[in-house]
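What follows is a short report on a single structure.
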Amino acid sequence: MSTEQKLTEAVATDEEYNHAAYGKSTNVGKEGFNTIMLHHGHKLDGENRARAPPIYQTTSFCFEDSQHGADLFALSKLGPIYTRIMNPTCHVLEYRIAALEGAPCTTHGDFDNAKTLPSALATASGQAAQLQAILTFMKAGDNFIAASELYGGTFSQFKHTLKGLGIEVRFFDVSKPQQIRDLADANTKAVYCETLSNPSYQIPDFETIAQIAHDELKVPLMVDNTFGMCGYTCRPLRLGADIVVASCTKWIGGHGTTIGGVIIDGSSFDWRVKNADGSSKFPLLADPQESYHGGNFAAHPIFGCDSTNTLFALCARVKTLRDCGGCQSPFNAFMLIQGLETLSLRARATSQNANALAEWLESNENVSWVSHTSLASHPSHEKAKRYFRKGCFGGVLSFGIKAKNGKVAGEKFISSCKLASHLANVGDAKTLVIHPSSTTHQQLNADDQKKAGVKPEMIRVSVGYEDFEDIVQDFEKALESAVKAGNA
C-alpha cells in the first residue's frame, strides 16, 4: 500500500479512522477501536475461562517433554520458555497494542501463545523500547538520522549512550526534511522522529520523510508515537512508518502507576536490501543468525520477508530482548491492559480539555505565547488536521508567561499550582505541569535546548480530564502570582 493510500485510509473521517482495516488477520477485520482495546488478543483459557487476562507471574514455563523443550529453543515451535522473552500476560498487551496502532498482525492467528507471535514487543520502559529496537538492526559503525526535537531522555540516549556503542546519530530539523539527504551516507540505517515533537509539537511531514527514507535511502522510518496515544490520535504505520516505539507509561497506562514501553513492527520493510558491493545492508536481520546455528530468519517460511514479514518482531524478541533483558513484568503488563480498556474515553476527554485550555491561554492577557496544534497559529496545525483523528490535537501543550523575567515567572507558576501536579510525566489522568529547561531537558546545554525547542520560560502542561473549570481556576490564580513575581 502506498503512503498516499495509507493517508487516505487513515484520516478521511472519524468513523473510517475508527474502523480502518488492519490487514490479513482473520481476527483483526474491521472492528472498531473500542472493541479492539477491550477484547483483542485475549483467548479464554479452556479450564477456568477467566474474563480478565490472568497474570502469569512466573519466571519459567514447563516443557511437555525433552523434544518440546528442544523445539522451543530452536524456534521450530513457539511457546513461552522464560518470562524475559515470552509471557502470556505480556502477549495480550502486545497483541492489543499492535492492532490499535494499525499493524497488519499477520501472525496473530487465534492468539494461541504456543503457536502465534505478536507483532509488538512489550519492554521495561519507553527508553528500553527505542534502544532495543535500534540494537535489533544497527551495530557499531552504523548511523541513523533523527529529528533534533526529541524528548530529553531520548536525545541524551541518542547523543551519548549510542555514541559509546559506536552508533552515530545525526540530527535534522524536522520542519526541513530535505536535510536528511545531506546527512545520509552508505552506513545510514534509519530515519527517526516523533509524532509530536516534545515539547514544541512540530508534526513531521510523514509523506516526504517516508519517501526519502524508502525510495532514496532504502532504510526504515522509525517513529515514536507516545504522543499519538497508541493509535487513537495518530497511526504512523499508516503514514509510511515501518517501526513504531512508544512509552506505555503515558496514555496507554494512563494513571501514573506503571512504567512500560513497546515496539511495534509494521511488517512493511524488506530487510534484504543490498549495499553497492552486494553485501547485506542489514546483516543483523538478513544474514544467517550465528546465535541460532546459522539459521536464515529472513527466509523463514512463517516469519520471513516473503511470508508474514515479521522478521523484525521475531529478532527483537528472540535476540535483542533475550540478550539485553529489558522485559516487561507480567503484573505491569496486566496494569497496562487495564489502562488500555479506557484509552479512548480518556483520550477523548483529554483532547477536549487540551483544545479548550489552549484557546483559553491564547486569549489570556498574562500569556505571551501558546503552542498547541489545535491553534491556527501553530505551524503544524494543518498537518494535525490532515494526519490526526478529527478534533484530536494532542494532550500536551506549552506556553510562556508575559513577564520581564520569564524564567522567574515560570518557576513561580509551577510552585503556585494547587490542582495541577508538578512532576516529570505526561499522559496521566490528572493535569501535570513542569518547567522543561530545568528538569526534563536540564542535561542539554543552552544550544541543544534551543534546537530541541525548549525556551527558558516554557511551561509544559499534560492536560488531564478534571472538570475544565477547575483547571482554569487553578491556572488563573497561578498566572496572577507568576506575573507579579516575574515583574518584581
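The values are calculated or read from the model by the stated rules, or taken from the named source; none is laboratory data. Keep in mind that what you see is a predicted model, and the values were worked out from it rather than measured. Cβ placement follows ideal geometry from the backbone for every residue including glycine, while neighbour counts extend to all protein chains displayed.
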**Complete:** Among residues of the range 437-457 being surrounded by fewer than 19 Cβ atoms within 10 Å (Cβ to Cβ) and of a type in the set (Lys, Arg), the residue nearest to the chain's Cα centre (by Cα) is 451
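Determine whether residue 320 is of a type in the set (S, T, N, Q), out of contact with any Phe, Trp or Tyr (no Cβ under 6 Å at 6 or more places or on another chain), under 24 Å from residue 222 (Cβ atoms) and surrounded by 16 or more Cβ atoms within 10 Å (Cβ to Cβ). If you could, list the steps in order and put the result at the bottom.
Numbers: of a type in the set (S, T, N, Q): yes; out of contact with any Phe, Trp or Tyr (no Cβ under 6 Å at 6 or more places or on another chain): yes; under 24 Å from residue 222 (Cβ atoms): yes; surrounded by 16 or more Cβ atoms within 10 Å (Cβ to Cβ): yes.
Yes; evaluated as a whole, the condition is true for this residue.
Please pick out the residue among 147, 98, 133 that is crowded, with 20+ Cβ neighbours inside 10 Å, closer than 21 Å to residue 36 by Cβ and of a type in the set (Gly, Ala, Ser). Break it down stepwise before answering.
Numbers: 147 fails: closer than 21 Å to residue 36 by Cβ; 133 fails: closer than 21 Å to residue 36 by Cβ.
Result: 98 is the single residue among 147, 98, 133 that is crowded, with 20+ Cβ neighbours inside 10 Å, closer than 21 Å to residue 36 by Cβ and of a type in the set (Gly, Ala, Ser).
Results for (1) within 19 Å of residue 282 (Cβ to Cβ); (2) crowded, with 24+ Cβ neighbours inside 10 Å; (3) acidic (Asp, Glu); (4) free of Cβ contacts under 8 Å to residues at least 40 places away in the same chain, shown as yes or no for each residue.
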{"position": "118", "(1), (2), (3), (4)": "no, yes, no, no"}
{"position": "121", "(1), (2), (3), (4)": "yes, yes, no, no"}
{"position": "158", "(1), (2), (3), (4)": "no, no, no, yes"}
{"position": "167", "(1), (2), (3), (4)": "yes, no, no, yes"}
{"position": "170", "(1), (2), (3), (4)": "yes, no, no, yes"}
{"position": "179", "(1), (2), (3), (4)": "no, no, no, yes"}
**Prompt:** Taking residue 332, is it of a type in the set (S, T, N, Q), closer than 19 Å to residue 130 by Cβ and either touching a Cys at 6+ places or on another chain (Cβ under 9 Å) or free of Cβ contacts under 8 Å to residues at least 24 places away in the same chain (or both)?
**Reply:** yes
**Message:** Residues that are in contact (Cβ under 8 Å) with a residue 12 or more places away in the chain and over 20 Å from residue 148 (Cα atoms), at least 2 per element: which helices (runs of 4 or more DSSP H) completely within the range 356-466 meet that?
**Reply:** 381-387, 406-416
**Hits in the range 25-43 (condition: outside any helix (DSSP H, G or I), surrounded by fewer than 14 Cβ atoms within 10 Å (Cβ to Cβ) and modelled with pLDDT of 90 or more)** = none
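So that you can scan it fast, the table gives a plain yes or no per residue for (1) at pLDDT below 95; (2) part of a strand (DSSP E or B); (3) not aliphatic (A, V, I, L, M):
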{"residue": "250", "(1), (2), (3)": "no, no, yes"}
{"residue": "258", "(1), (2), (3)": "no, no, yes"}
{"residue": "263", "(1), (2), (3)": "no, yes, no"}
{"residue": "272", "(1), (2), (3)": "no, no, yes"}
{"residue": "277", "(1), (2), (3)": "no, no, yes"}
{"residue": "304", "(1), (2), (3)": "yes, no, yes"}
{"residue": "307", "(1), (2), (3)": "yes, no, yes"}
{"residue": "315", "(1), (2), (3)": "no, no, yes"}
{"residue": "331", "(1), (2), (3)": "no, no, yes"}
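Return yes when residue 282 is touching a helix residue (DSSP H, G or I) at 6+ places or on another chain (Cβ under 7 Å) and among the aromatic types (Phe, Trp, Tyr) and no when it is not. Even if it seems obvious, please write down each step before you answer.
Working: touching a helix residue (DSSP H, G or I) at 6+ places or on another chain (Cβ under 7 Å): yes; among the aromatic types (Phe, Trp, Tyr): yes.
Taking the combined requirement at face value, the residue satisfies it.
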**Prompt:** Scanning for something in contact with a helix residue (DSSP H, G or I) (Cβ under 8 Å, 6 or more places away or on another chain), assigned by TED's automatic domain parsing to the domain that holds residue 189, over 21 Å from residue 332 (Cβ atoms) and surrounded by fewer than 22 Cβ atoms within 10 Å (Cβ to Cβ), does the range 251-268 turn up at least one residue?
**Reply:** yes
